[in-house]
Amino acid sequence: MPSPPKPQPCQDHDLGKFEILIRDGASRIGRLHTKHGPLNTPMILPVINPNIRTIEPREMWDEFGIQGIITNSYIMWKHDKLKQSVLSKGVHEILDFPGVIVTDSGTFQSYIYGDVEVGVSEIVKFQKDIGVDVGTMLDIFGRPDMSRKQLEYAVEETANRAIESLDVAGNNMLLNGPIQGGLHEDLRALSGSLMSSIEGEHRNFTIHPIGGIVPLMENQRYKELFQILLASKSELPHNRPIHFFGCGHPLLFPLSIALGVDIFDSAAYVLFARDDRLMTPNGTVKLKDIFEWPITSRALFGTSPEQVRNMDKNDRTILLSRHNLEITQSELSRCREAIRDGKIWQLAEQRSHSSPQLRTAFLWVLDQLADPDEGPVGESILDMISSTNPVRKGGESISHDLELRPHILHLQALLATRWKAPGSWWDGSTSDPKRLLIIKKTAPPWRITSLDSIINSLIELPNTIPLIMTPLGIIPFSFEDLSPWCHLDGSNEMWNIDYDDDEIIEFLLDLGLKDIPYITISPESTSELNLPKNQEIRNWLDRCAVVDKLALLCSINPNDGCKFTNHMSSRKSTTDRMVNVYSDGIHILSPRLSDGGISLTIEGAKILSSMYPQIPTFDSEVEYSDFQGIPKICIIDDAVPFVGIGRNVMQGYITGADDHIIPGMPCLVVNSKGDLIAHGLAVTTASEMQYLKKGVAVKVRDGALKNKE
Ligand code: GUN
């Protein structure tokens with residue numbers, strides 16, 4: 001196999017920039033730019049002991065796809081011979097590694113052995129002098145068993161050392177700014193806030209490792225581990241990768257990544273190997289206990305446990321280290337792929353069943369999702385829910401934990417706040433709703449299975465709201481093709497739902513319909529679909545679907561949605577779904593057939609832009625309302641000619657963004673005067689747009705200046 005090419009250094013102006021390529025809730029596929037190539041995250045930095053290299057760094061680069069390693073600058077500094085050679089040759093040559101080299105500072109040694117004798121500036125300068133890409137300041141390790149006073153000291157003293165460290169690091173070496181604070185949520189948040197706001201003379205911290213967590217992992221205290229992560233994250237800006245210091249067991253990757261970790265580092269691959277233990281994505285297996293391999297790898301292929309047990313100790317450690325590193329890498333690939341597929345939460349859910357401690361931690365996270373508290377953990381949880389694209393294509397697999405998946409919670413919250421009962425009916429009347437018709441025991445596509453029954457009911461009583469029972473609760477018929485409500489993967493039995501009265505009332509309460517009489521039916525087909533009256537009813541149902549989706553997904557007030565869809569007509573597919581939607585003869589939008597979402601057209605975007613003339617800024621105090629209007633992004637004038645002809649909006653060219661932007665959903669792009677420049681789909685959240693300086697912010701679907709050239 002040819003070895004990977006030498007890494008390309010980033011452009012000078014990109015050094016230290018973190019780009020988000022794909023995101024799903026708190027998880028992200030990102031890229032950190034360095035002088036020795038990119039770090040594509042989520043990723044692991046294997047720990048290299050400069051004196052004992054069980055797997056050569058060069059082999060990691062050539063064979064394992066490792067883009068960065070971490071080693072300890074304090075060990076190099078302390079051993080005179082090594083110190084002199086690394087100072088003269090540089091760390092990349094000494095370790096023979098072409099990619100990114102990260103170093104730690106000796107803090108971990110102070111945790112293991114007590115004080116270290118190196119100075120704060122001295123160790124940063126040494127890291128800089130040996131050509132490290134990302135160094136680490138000498139932070140104070142806050143152990144979980146320390147007193148609050150000691151932990152306060154660890155947080156304050158680490159922050160006090162930050163400026164000096166950043167200034168010594170200079171412009172060319174990036175620096176880690178660790179977060180301490182033990183188990184105290186408020187101290188973690190304080191540490192996050194202090195470390196992220198410190199401004200160095202040349203640059204700020206590039207990465208924030210979460211420190212002091214090794215003792216928790218050693219004792220499988222995973223609940224506290226994730227509590228600390230969420231508390232620390234509440235104050236960290238979205239443009240800085242988060243590193244879980246010392247975490248490297250594949251078992252922990254999916255949930256850590258789902259909660260926002262970008263970088264891992266660990267010596268576990270070699271420490272476990274020395275101890276004759278094999279890693280699997282579900283836990284660790286002892287070589288002495290097995291007759292056959294529970295998981296295969298390139299390293300183990302063609303061998304048996306018996307043969308490996310009989311190997312020379314050193315050869316065996318190398319073989320098992322290679323296996324462990326391979327498993328580590330493959331689990332990270334699986335996680336990245338799961339982010340791309342919108343399934344990282346499901347992977348975390350599956351893996352949580354691999355260990356009782358991890359399951360306890362996962363259930364604790366679910367409790368936080370169900371009922372976020374008021375502290376920093378709750379803040380991170382709410383941020384995660386609201387930044388998750390609620391609509392996704394592909395089937396949603398059913399499980400006990402389904403209802404608490406962040407994107408499902410987001411969708412249900414949008415339904416509860418943004419869906420309103422219709423104000424007018426197919427016969428032109430405008431009175432209050434008189435009846436609810438709830439379809440039960442019926443599988444999607446509901447427009448096929450239930451339309452006749454709905455139409456009959458609407459003929460009988462026009463002021464009827466049609467609703468559907470789904471495994472995720474009761475939803476308006478308007479959302480009958482919106483995924484995941486209509487696209488759940490499980491046995492057919494799951495559609496045979498018949499909620500009892502108490503459950504129905506509970507769901508109706510959320511929809512604001514509890515005082516309206518309801519009937520439930522399991523539909524049967526009739527053959528009266530083509531009556532002229534039916535066409536009127538069908539037009540009304542289609543319009544409700546468009547108005548309701550605009551409200552749910554784009555925050556458009558249903559009254560405005562009605563104006564926007566004046567004299568609505570549509571072209572339908574052979575499966576009876578709307579393909580193009582017209583208002584007064586103008587093509588304004590097309591429903592997305594893949595997931596039931598909405599794609600605006602440029603004409604539709606122009607009308608909406610004039611209906612909502614606000615120009616967004618960052619940090620503006622917007623009064624809360626259920627309907628803030630179609631979300632907008634304001635770009636700098638220099639970017640207007642490019643975006644106006646259909647190029648994507650890039651991070652760093654944005655002067656303001658509405659807070660209620662949802663990644664994956666439609667948004668408008670305007671200039672500083674508020675004129676429409678383009679429309680597209682948001683890739684990131686407003687707060688990411690505020691901080692990120694590289695990458696795509698909005699995938700533009702069409703520019704408004706195309707024909708004006
Ligand atoms: N390695 C593992 N934990 C830590 C920590 O808290 N600080 C530093 N600098 N290195 C670590």
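For the range 101-146, which residues satisfy the criterion of being small (Gly, Ala, Ser) and within 19 Å of Glu218 (Cβ to Cβ)?
Ser110, Gly114, Gly142
Looking only at the range 435-444, decide whether some residue is part of a loop (DSSP other than H, G, I, E, B) and within 30 Å of Tyr624 (Cα to Cα).
There is no residue in the range 435-444 that is part of a loop (DSSP other than H, G, I, E, B) and within 30 Å of Tyr624 (Cα to Cα).
Return only the number of the condition from (1) out of contact with any Pro (no Cβ under 8 Å at 6 or more places or on another chain); (2) at pLDDT 95 or above that Thr71 does not satisfy.
Condition not satisfied by Thr71: (1).
Residue-wise test of (1) within 22 Å of Met60 (Cβ to Cβ); (2) touching a helix residue (DSSP H, G or I) at 6+ places or on another chain (Cβ under 6 Å); (3) modelled with pLDDT of 95 or more; (4) surrounded by 19 or more Cβ atoms within 10 Å (Cβ to Cβ).
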position	(1), (2), (3), (4)
Lys83	no, yes, yes, no
Val86	yes, yes, yes, yes
Leu95	yes, yes, yes, yes
Ile101	yes, yes, yes, yes
Phe108	yes, no, no, yes
Ile112	no, no, no, no
Val124	no, yes, yes, yes
Gln127	yes, yes, yes, yes
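So, of the residues in the range 169-189 that are assigned to a helix (DSSP H, G or I) and within 16 Å of the ligand (Cβ to nearest atom), which turns out to be nearest to Glu152 (Cα to Cα)?
Selected residue: Leu187.
Condition (residue is buried (at least 23 other Cβ atoms within 10 Å of the Cβ), in contact (Cβ under 8 Å) with a residue 12 or more places away in the chain and of a type in the set (Gly, Ala, Ser)) applied to the range 291-300: is it met by at least one residue?
no
Just the residues that are surrounded by fewer than 17 Cβ atoms within 10 Å (Cβ to Cβ) and either assigned to a helix (DSSP H, G or I) or within 14 Å of the ligand (Cβ to nearest atom) (or both), please, taken from the range 146-165.
Arg148, Lys149, Gln150, Tyr153, Glu156, Glu157, Asn160, Ile163, Glu164 - these are the residues of the range 146-165 that are surrounded by fewer than 17 Cβ atoms within 10 Å (Cβ to Cβ) and either assigned to a helix (DSSP H, G or I) or within 14 Å of the ligand (Cβ to nearest atom) (or both).
Among the residues of the range 257-290, write down those that are under 25 Å from Ile69 (Cα atoms) and free of Cβ contacts under 8 Å to residues at least 40 places away in the same chain.
Residues satisfying the conditions are Leu271, Asp275, Thr284.
Hey, could you check the range 239-281 for residues that are within 15 Å of the ligand (Cβ to nearest atom) and aliphatic (A, V, I, L, M) and say which is farthest from Ile179 (Cα to Cα)?
Looking at the filtered set, the residue picked out is Leu271.
Quick one: which residue in Leu347, Leu363, Leu320, Leu382 is at pLDDT 95 or above, surrounded by 21 or more Cβ atoms within 10 Å (Cβ to Cβ), within 30 Å of Leu183 (Cα to Cα) and of a type outside the set (Ser, Thr, Tyr)?
It is Leu347.
Considering only residues of the range 72-105 that are of a type in the set (Ser, Thr, Tyr) and out of contact with any Phe, Trp or Tyr (no Cβ under 9 Å at 6 or more places or on another chain), which is farthest from the ligand (Cβ to nearest atom)?
The selected residue is Ser88.
Restricting to the range 662-688, what's the tally of residues that are touching a His at 6+ places or on another chain (Cβ under 9 Å) and not β-branched (Val, Ile, Thr)?
Final tally of qualifying residues: 6.
Which residues, taken from the range 47-79, are polar (S, T, N, Q) and either in a strand (DSSP E or B) or out of contact with any Ser or Thr (no Cβ under 7 Å at 6 or more places or on another chain) (or both)?
Listed by number, the residues that qualify are Asn49, Asn51, Gln67, Thr71, Asn72.
Could you figure out which of (1) farther than 20 Å from Arg543 by Cβ; (2) at pLDDT 95 or above; (3) under 34 Å from the mean Cα position of the chain (by Cα) isn't true of Ala443?
With (1) farther than 20 Å from Arg543 by Cβ; (2) at pLDDT 95 or above; (3) under 34 Å from the mean Cα position of the chain (by Cα) applied to Ala443, the lone miss is (2).
Checking Pro372 against (1) touching a residue at least 24 places away in the same chain (Cβ under 8 Å); (2) in contact with a helix residue (DSSP H, G or I) (Cβ under 6 Å, 6 or more places away or on another chain); (3) part of a loop (DSSP other than H, G, I, E, B), which single condition isn't satisfied?
If we test Pro372 against (1) touching a residue at least 24 places away in the same chain (Cβ under 8 Å); (2) in contact with a helix residue (DSSP H, G or I) (Cβ under 6 Å, 6 or more places away or on another chain); (3) part of a loop (DSSP other than H, G, I, E, B), just (1) comes out false.
Can you say whether Ser191 is small (Gly, Ala, Ser) and touching a strand residue (DSSP E or B) at 6+ places or on another chain (Cβ under 6 Å), as far as the supplied structure shows?
Yes.
Quick check on the range 448-461: of everything there that is touching a residue at least 12 places away in the same chain (Cβ under 8 Å) and surrounded by fewer than 19 Cβ atoms within 10 Å (Cβ to Cβ), which residue is nearest to Met578 (Cα to Cα)?
Ranking the candidates gives Ile448 first.
I'm trying to understand the selection: among the residues of the range 446-467, which are assigned to a loop (DSSP other than H, G, I, E, B) and modelled with pLDDT of 95 or more?
Result: Leu461, Pro462, Asn463.
Where in the range 501-614 are there strands (runs of 3 or more DSSP E), lying fully within it, with 2 or more residues that are without any contact (Cβ under 8 Å) to a residue 24 or more places away in the chain and surrounded by 13 or more Cβ atoms within 10 Å (Cβ to Cβ)?
Correct list: 578-583, 586-591.
Within the range 193-214, count every residue that is crowded, with 22+ Cβ neighbours inside 10 Å and within 14 Å of the ligand (Cβ to nearest atom).
Total meeting the criteria: 9.
Yes/no per residue for (1) aromatic (Phe, Trp, Tyr); (2) more than 24 Å from Leu482 (Cβ to Cβ); (3) touching a residue at least 40 places away in the same chain (Cβ under 8 Å):
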{"residue": "Ile318", "(1), (2), (3)": "no, yes, yes"}
{"residue": "Glu326", "(1), (2), (3)": "no, yes, yes"}
{"residue": "Glu337", "(1), (2), (3)": "no, yes, no"}
{"residue": "Gln346", "(1), (2), (3)": "no, no, yes"}
{"residue": "Leu358", "(1), (2), (3)": "no, yes, yes"}
{"residue": "Leu363", "(1), (2), (3)": "no, yes, no"}
{"residue": "Ser397", "(1), (2), (3)": "no, no, yes"}
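Looking at Ile130, Ile123, can you tell me which residue is within 12 Å of the ligand (Cβ to nearest atom), farther than 15 Å from Gly211 by Cβ and touching a residue at least 40 places away in the same chain (Cβ under 8 Å)?
The conditions single out Ile123.
I'd like the full set of residues that are over 30 Å from Asp12 (Cα atoms) and crowded, with 23+ Cβ neighbours inside 10 Å, limited to the range 671-709.
Those that are over 30 Å from Asp12 (Cα atoms) and crowded, with 23+ Cβ neighbours inside 10 Å: Ile677, Ala678, His679, Gly680, Gly703, Ala704.
Confirm whether Lys699 is out of contact with any Lys or Arg (no Cβ under 6 Å at 6 or more places or on another chain) and in a strand (DSSP E or B).
Against the criterion (out of contact with any Lys or Arg (no Cβ under 6 Å at 6 or more places or on another chain) and in a strand (DSSP E or B)), Lys699 qualifies.
Suppose we filter Gly106, Gly114, Gly119, Gly181 for residues that are more than 33 Å from the chain's Cα centre (by Cα) and at positive phi; which single one remains?
Gly114
Any idea how many residues of the range 74-108 are touching a Leu at 6+ places or on another chain (Cβ under 7 Å) and under 26 Å from Ala154 (Cα atoms)?
Number satisfying all stated conditions: 5.
The values are calculated or read from the model by the stated rules, or taken from the named source; none is laboratory data. Predicted, not measured: the structure shown is a model, and the values here were computed from it. Cβ coordinates were reconstructed from backbone atoms using ideal geometry, including for glycine residues, and neighbour counts include every protein chain displayed.
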